[in-house]
Amino acid sequence: MGTREKIGQMTQPDQASLRNVTDIEKYFLGSLLSGGSSDPKAGNSLEAWTDMVDGCIQHSLKTRLAIPLPCGVDAKLVEKIGRITAEEVRATGIQWAFAPCVTVPQDIRWARESAESAGLREALRRRFRGRGLDQGTPHRRQ
C-alpha cells in the first residue's frame, strides 16, 4: 500500500462533503461518515440510503487494492472489531473510542440517541452481555 493509499484508508470524510462519488477512488477513502443531517443527496429514504451505500462500495472496489468500504452489518465482524478495539483502547488508558458500541441513552436531547441507540433493544444487549463487550469503564458497568 502506497502512502496516498494509507492516508486515504485512515481518512473519514462526511459523505456530504464529497464533490463526486468518484472521490472515493481518487483519494482511496477507507470509510465515510454520514453525520448529523448528511442524508444522501437523493433524500432520506431507505432506497436513497441503499443506493448511496451500494454506490460507495462499488467505487471503493475500483481502487487498485479493491478494499470495500465498511458499510455492511456483519454481527460477527462487528463483535470482533469491538473486542479488538476495546482491548487496544483499554491498554492505552484512553476512555473513548470511535468503535461499535451498545448504548442506552439517558437523554432524548442527545443528537446521537436515535442514530446509535441499539442498546435499547434488549435482545441485542443480551447477545453481547457476557462476551466482554459490555465491560466499559467501571462507572458504566451494569
(request) Can you tell me which residue within region 14-29, out of those that are without any contact (Cβ under 8 Å) to a residue 40 or more places away in the chain and in contact with a helix residue (DSSP H, G or I) (Cβ under 8 Å, 6 or more places away or on another chain), is nearest to Asp54 (Cα to Cα)? (result) Val21
(request) Residue by residue through region 81-103, note down the ones that are modelled with pLDDT of 60 or more and either in the same structural domain as Gly35 (by TED's automatic domain parsing) or part of a loop (DSSP other than H, G, I, E, B) (or both). (result) Gly93, Ile94, Gln95, Trp96, Ala97, Phe98
(message) Under 6 Å between Cβ atoms, which residue pairs at least 6 apart in sequence (or on different chains) link something in region 80-103 that is farther than 18 Å from Pro70 by Cβ and of a type outside the set (A, V, I, L, M) with a partner that is modelled with pLDDT under 70 and surrounded by 12 or more Cβ atoms within 10 Å (Cβ to Cβ)?
(response) Thr103/Glu116; Thr103/Ser117; Thr103/Gly119
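The values are calculated or read from the model by the stated rules, or taken from the named source; none is laboratory data. The structure displayed is predicted, hence computed values, not measured ones. Every residue, glycine among them, receives a Cβ derived from its backbone with ideal geometry; neighbour counts consider all protein chains shown.
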